[in-house]
Amino acid sequence: MNAPFKLRPYQQEAVDATLNHFRKSDESAVIVLPTGAGKSLVIAELARLARRKILVLTHVKELVEQNHAKYQSYGLEGGIFSAGLKRKENRHQVTFASVQSVSANLDQFRDEYSLVIIDECHRVSGEETSQYQRIIELLRQQNDSLKVLGLTATPYRLAMGWIYRYHYRGFVRGSGEEQDKPFQHCIYELPLSYMINRGYLTKPELVNAAVAQYDFSALAQDRFGEYAEKDVNQLLSKHKRVTRAIIEQVMELATERQGVMIFAATVDHAREITGYLPENQTALVTGATDLKDRDLLIQRFKQRQLKYLVNVSVLTTGFDAPHVDFIAILRPTQSVSLYQQIVGRGLRLDEGKQDCLVIDYAGNSVNLHHPEVGEPKPNPDSEPVQVFCPGCGFANIFWGKTDSESRVIEHYGRRCQGLLEPAEEEGAAGQKQRPEQCDYRFRFKECPHCGGENDIAARNCHQCHQAIIDPDDQLRDALKLKDAMVIRCAGITLSVAGSKLKITYHGEDGEELSESFDFSKPAQRTVFNKLFGRRFANSQAPKAFSRADEVLELQALLSAPDFVIARKQKHYWQVQERIFDYQGTYRKANEA
Ligand SMILES: [Zn+2]
Ligand SMILES: [Zn+2]
């Protein structure tokens, strides 16, 4: 039986990847497709190919309806189980359901299902964790080889991290080694740029905000890189004039546009914005909007009775108005995924639509085509950089900085994310062994007991399990001592005399400490190479130096420690510790 209409090549690839994966494995899998890629078609084709019962779960009734409609358009008959749609059918081979409704009626799902498909599956790790997990758990009781497939455009969320662990291109996600992920494998992924370049999506016309811009950079961020609503409101309340000017520009540019979506930073902000727009052409939708009102407003917007749709973040998923051709971003975000999702609202193809105007008034400076790094941006001028692992050759994407010739001069990566294939195909139990994450570290703390290299946040050595000295303790102890000196190292200078290399550490206030390494003595050479050679070029090219003058020649690429601790001897200060890759409570040199 052929599909009633042809899938696009990438949709077919996604379907094939799913079949291939589940033929070999029962482990959960994720497909990443950008907004507008036609996920519902992929779901419909998978549902059509399945022989046994399958359940398609989503969190909003609009998506239940959309996915169901696509499936019916194949001329097939599927059921809907959704209280919001007033239908509770579960007798069909394929059931499209809302997670809330299934969760509330678990006793009606006692049949054996072979596959659960979760649309917008990045929500699985969110507040509904227990709902999704309970359903999966229950269905597993009927069928212990139940397959679970997720689909999403945003596999990474600032507050949750990556939703899967292993990527099919051979790398792992996330820096925390023991993190639990709701899904195991990403089995297919397509970037937004592919969709735009192939003409499957409308071209975004990215314009720099001309009139005014907010500056959120001074606000404190939480550990996910997000701001507190209170802080944002406070900042915005001081900039009413800015908001007014922005909205005036939006209205001016909107005269030649069909549908305008405005993304506000907070609910208060959204209300303020709405106040500046023509009342009879504007809808405001927040999380608190009554669902019936919301449906009605969205309906009127889609029918172009309303021109402006203001929202905070409620309309980033499951909302589809192809005529939208102007996106105004007035909210801060550092997530490339979220940014892509916001912009994606305006990229659907529509008759007569040439492009979609995108203006970022929040100074996010997110590049739409950049890959998601998966960590909060460490500072405003960082960009994603490619860093090759000297161990396995994998091309990592980290936050970093480049010089005018695009060479990486600094990066914030800690551990290589490459996956190494296991040495033997089959494990003891006949099970295929998992590939392991490459152990090469770009930043590390050395274990004083066994010499093992550990993550800079590790408390115990991952090799010998003994406690690793906390650099904060080291610094605190040294600062207490009268005969100790601690400098915040701002840089190093070198000089060579014969086989001896002298390193001078410069503190930010002009203090100096120095030490010498005699390269004619193997033991001293080894110490130098362990400290400095290993970290050569941001650990991108570890090197074992054999001569002092060789070091001098390449000194520009040596890494300096963040702190140096010395103890007073009779006539000089003897360097005892050089703390590299410091992370802790003390301020580093030249930090605010
Ligand atoms: Zn590696
Ligand atoms: Zn150890």
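The values are calculated or read from the model by the stated rules, or taken from the named source; none is laboratory data. No experiment lies behind these values; they were computed from the predicted model shown. All Cβ positions, glycine included, derive from the backbone under ideal geometry; neighbour counts span all protein chains shown.
Miscellaneous remarks
- Condition check for Pro384: assigned to a loop (DSSP other than H, G, I, E, B) and either modelled with pLDDT under 90 or under 26 Å from Tyr339 (Cα atoms) (or both): no
- Consider segment 221-270 and keep the residues that are assigned to a helix (DSSP H, G or I) and among the β-branched types (Val, Ile, Thr). The one that is nearest to Ile327 (Cα to Cα) is Val250.
- Some residue of segment 368-380 being closer than 30 Å to Ala220 by Cα, of a type in the set (A, V, I, L, M, F, W, C) and either within 16 Å of ligand 1 (Cβ to nearest atom) or crowded, with 22+ Cβ neighbours inside 10 Å (or both): yes
- Of all residue pairs spaced 6 or more apart or on separate chains, none has beta-carbon atoms under 7 Å together with a first member in segment 508-536 that is without any contact (Cβ under 8 Å) to a residue 12 or more places away in the chain and a second member that is of a type in the set (D, E, K, R) and crowded, with 18+ Cβ neighbours inside 10 Å.
- Qualifying residue in segment 359-377 (condition: assigned to a strand (DSSP E or B), at pLDDT 90 or above and among the hydrophobic types (A, V, I, L, M, F, W, C)): yes
- Selected residue (criterion: surrounded by the fewest Cβ atoms within 10 Å (Cβ to Cβ)) from residues of segment 281-301 that are under 25 Å from Glu256 (Cα atoms) and touching a residue at least 24 places away in the same chain (Cβ under 8 Å): Gln281
- All positions within segment 454-486 that are assigned to a strand (DSSP E or B), more than 9 Å from ligand 2 (Cβ to nearest atom) and in contact (Cβ under 8 Å) with a residue 12 or more places away in the chain: Ala484, Met485, Val486
- So Tyr339, is it under 18 Å from Asp360 (Cα atoms), free of Cβ contacts under 8 Å to residues at least 40 places away in the same chain and among the aromatic types (Phe, Trp, Tyr): yes
- Test: residue in segment 333-350 that is in contact with a helix residue (DSSP H, G or I) (Cβ under 8 Å, 6 or more places away or on another chain) and within 22 Å of Cys438 (Cβ to Cβ): no
- Subset of segment 181-208 [surrounded by 18 or more Cβ atoms within 10 Å (Cβ to Cβ) and in a loop (DSSP other than H, G, I, E, B)]: Lys181, Pro182, Leu190, Tyr200, Leu201, Thr202
- Answer residue from segment 431-452, given it is outside any loop (DSSP other than H, G, I, E, B) and within 16 Å of ligand 2 (Cβ to nearest atom) and is surrounded by the most Cβ atoms within 10 Å (Cβ to Cβ) among those: Lys445
- Test: Arg441 is of a type outside the set (A, V, I, L, M) and either closer than 27 Å to Gln417 by Cβ or in contact with a Pro (Cβ under 6 Å, 6 or more places away or on another chain) (or both): yes
- Residue selected from segment 395-421 under the condition part of a loop (DSSP other than H, G, I, E, B) and either surrounded by fewer than 21 Cβ atoms within 10 Å (Cβ to Cβ) or without any contact (Cβ under 8 Å) to a residue 12 or more places away in the chain (or both), by the criterion farthest from ligand 1 (Cβ to nearest atom): Ser404
- Restricting segment 436-468 to residues that are in contact with a Gly (Cβ under 8 Å, 6 or more places away or on another chain) and aromatic (Phe, Trp, Tyr) leaves a set whose member that is nearest to Phe580 (Cα to Cα) is Phe442.
Okay, residues lined up against (1) of a type outside the set (Lys, Arg); (2) surrounded by 12 or more Cβ atoms within 10 Å (Cβ to Cβ):
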residue	(1), (2)
Asn460	yes, yes
Lys480	no, no
Arg488	no, yes
Lys502	no, yes
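- Close Cβ contacts (under 6 Å, 6 or more residues apart or on different chains) running from residues in segment 359-383 that are more than 20 Å from Ile409 (Cβ to Cβ) to residues that are modelled with pLDDT under 80 and small (Gly, Ala, Ser) comprise Ile359/Ala209; Tyr361/Ala209; Glu372/Ser337; Pro376/Gly225.
- Listed by first and then second residue, the pairs linking a residue in segment 16-32 that is farther than 13 Å from Cys186 by Cα to a residue that is of a type outside the set (Lys, Arg) and surrounded by fewer than 18 Cβ atoms within 10 Å (Cβ to Cβ), with Cβ atoms under 7 Å apart and 6 or more places separating them unless they lie on different chains, are Asp26/Ser145.
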